[in-house]
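Please treat every number below as a calculation from the coordinates, not as lab data. Keep in mind that what you see is a predicted model, and the values were worked out from it rather than measured. Positions of Cβ are backbone-derived with ideal geometry, glycine not excepted, and every protein chain shown enters the neighbour counts.
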Amino acid sequence: MSPIDRAAHLNRWRHRSLAEKAVLALGMLALAVILPPFPTALVVVVVMVPATLAGARVPLKVWLGCAAAPLGFLLMGTMPILLRLDATGLGPAPGGPALAAGLAARAIAALSCLLFLALTTPACDLIGGLRRLGLPAEIAELALLIYRFLFLLGDTALAMDAAQAARLGHVGLGRRLRSLGLLIATLLPRALERARRLEIGLAARGWDGEMRVLSRRAALSPSALALVLALEAATASAGIWLS
Amino acid sequence: MTLLEARALSYAYPGGITALDGLDLTIARGRRLAILGPNGAGKTTLLLHLNGTLNPSAGRVLLDGTATGHSRAALAAWRRRVGLVLQDADDQLFAASVFEDVSFGPLNLGLSDAQATERIDQALAALGIADLAERPPHLLSFGQKKRVAIAGAVAMRPEILLLDEPTAGLDHHGALHLLAALERLAAEGTTLVFTSHDVDLAYGFADEIALFDQGRVLAQGPAATILADAALLKAARLAPPLALSIGLKARAAGLLTESDPLPRGKAEILALVDRLIAGISSSSSGQSAATRDHSREIV
């Protein structure tokens, strides 16, 4: 079970309305992208990171775990901007530090916005939101089913992998590859078999081809949304004024 | 009164493996019927016939004495009255949260959102999982998933609930929780039919037993009668329940009279043991007092 999913389901703002969270995250993201990085990106980070950690009470360890990979990519990405390789050898690029700092600030701001949304809002809420925005029902259902069964398939694969390892199936590269091939070949019929049983289960509950479920959606709090919009307006004006 | 009935039901899986072989079964309203048989006897196949998932190659399933059909409309009417819970809850839970998953059946019945919500809340409360309503299925324990799967069927308020191995794989605590929930459903009038290979569970919980092996019901009747028949149990590759064996032994030894109820579970066995201990200590203390009197006489 992924830590992102766990945080998304168990954080304090789980039951805040999707609109409030999406407007906050995507609005701030847009500001960070459009406006000059200094100081807008910094303000965005200063708002979004505390919102995630203190507001939604997402554990710092989870946040850092999720941020590590993108930050690693960012570090690699800024290197070619900071440095220049020419006939004289490796040296600092002219105007490199300023450019790299701007890029890094913008990327970190965007990351803080996306992590806020990912860590406070379960994937199913996001898909539900897209559906209300006009995503066709079939695609939404498919996405939800894939999301649900991804975990089951993952668990099965992990169990099979452990069983193979216990029987020395991972000793040596050749055997490791062979075991992996067998695992993938076994997963497919298992997935099909499960799909067949799922159909029996759904039919027993009167399934007629459409998956209707009742979602309890959090009511939109107008004051919270107003606060979000005010925050964004303040960030935007600070960004324009101070740059 | 017979609610659901299978008559001379036969079914062979593609490939020729016979799963049901002229099976007869009657399910009376308000009963708790255990279909007891060893692994691989075809119990699941039987349940899949009882809600119309599988179509028998011969024989009929009767609902209220009327033959059932396999048309779309007939199946819908049938499944409205006969609910099914699969053995592996992961085969049944598909939605993003417990509440949404349980809402699936009621909405398929065509209920309004308000009516559906009322049923969902009641089903969750009946299974003791109201606090899990907003959880996604993959964050639940095995026992919790099982109860959610049952709630999904219960929310449709079926007259008969078919459960495939409801306690399989559950720990002691989980099994107790589940049985308590089933007890509440039975008390509200739901007819329960469950498959099991656990004779002790069946004896403790069911009032009627259908002994099943090799695609046939070998015998059907009151739990105590069927399970006391050692030859019959042996034919179904099962052993008598412990509580019943102890009870019959106690009765044969005169510790229980013919009118005393036989123990059905652990609590009653322990009560019997207590009586036995009390009897031993009182008789031994009585004996030592007599010995003392006797010795005094000698003196």
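Computed quantities for the displayed model
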quantity: Isotropic mean projected area of the C-alpha convex hull, segment A:118-206 (nm²); calculated: 8.5
quantity: Overall dimensions of the protein assembly as shown as given by Cα atoms, namely Rg and Dmax in Å; calculated: 32.1, 126
quantity: Efficiency of FRET from Cβ geometry, residue A:238 and residue A:82, R₀ 35 Å, rounded to 0.05; calculated: 0.80
quantity: Shape of segment B:168-242, Cα gyration tensor, a/c cut at 1.5; calculated: prolate
quantity: Estimated vicinal HN-Hα couplings, Hz - segment A:124-139 in sequence order (Karplus 6.51, -1.76, 1.60; Gly, Pro = x); calculated: 5, 5, 5, 5, x, x, 4, 5, 5, 7, x, 5, x, 4, 4, 5
quantity: Value at 222 nm in deg cm²/dmol, rounded to 500, when DSSP H runs of n ≥ 4 in chain A each add -39,500 (n - 2.57); calculated: -25500 deg cm²/dmol
quantity: Residue (of B:161, B:247, A:75) at the positive-pole extreme of the protein assembly as shown, dipole from beta-carbon charges; calculated: A:75
quantity: Theoretical FRET efficiency, 1/(1+(r/R0)^6), r = Cβ-Cβ of residue A:185 and residue A:223, R0 51 Å, to 0.05; calculated: 0.35
quantity: Alpha carbon centroid spacing (whole Å) that separates segment A:180-238 from segment B:188-234; calculated: 41
quantity: Where only alpha carbons of chain B are counted, the Rg and the Dmax (Å); calculated: 23.6, 95
quantity: Table column - 3J(HN,Hα) (Hz), segment A:95-108, Karplus curve with 6.51, -1.76, 1.60, x for Gly and Pro; calculated: x, x, x, 5, 5, 5, 5, x, 4, 5, 4, 5, 5, 5
quantity: Under 11 Å, Cβ to Cβ, from residue B:67 - net charge with Lys/Arg +1 and Asp/Glu -1; calculated: 0
quantity: Dmax and Rg, reported as Rg then Dmax, of chain A (C-alpha, Å); calculated: 23.3, 75
quantity: Relative contact order of chain B, defined on C-alpha pairs under 8 angstrom at six or more residues apart (%); calculated: 21
quantity: Cα→Cβ-extended label distance, 7 Å offset, between residue A:192 and residue B:275, nm; calculated: 6.0
quantity: Translational diffusion coefficient (Stokes-Einstein; Kirkwood radius from C-alpha pairs) of segment B:103-191 at 4 °C, 1.567 mPa s, in µm²/s; calculated: 97
quantity: Viscosity 1.002 mPa s, 20 °C: Kirkwood-radius Stokes-Einstein D of segment A:46-179 over Cα pairs, µm²/s; calculated: 111
quantity: Table column - 3J(HN,Hα) (Hz), segment A:200-207, Karplus curve with 6.51, -1.76, 1.60, x for Gly and Pro; calculated: 4, x, 5, 4, 5, 9, x, 5
quantity: Counting DSSP beta bridges with both ends in chain B, the antiparallel % (nearest 5); calculated: 55
quantity: Theoretical FRET efficiency, 1/(1+(r/R0)^6), r = Cβ-Cβ of residue B:231 and residue B:207, R0 35 Å, to 0.05; calculated: 0.95
quantity: Cα centre as origin, Lys/Arg/Asp/Glu Cβ charges: segment A:163-212 dipole, Debye; calculated: 360
quantity: Net length gained if the chain between residue B:179 and residue B:268 were fully extended (0.36 nm per residue, minus Cα distance); calculated: 30.3 nm
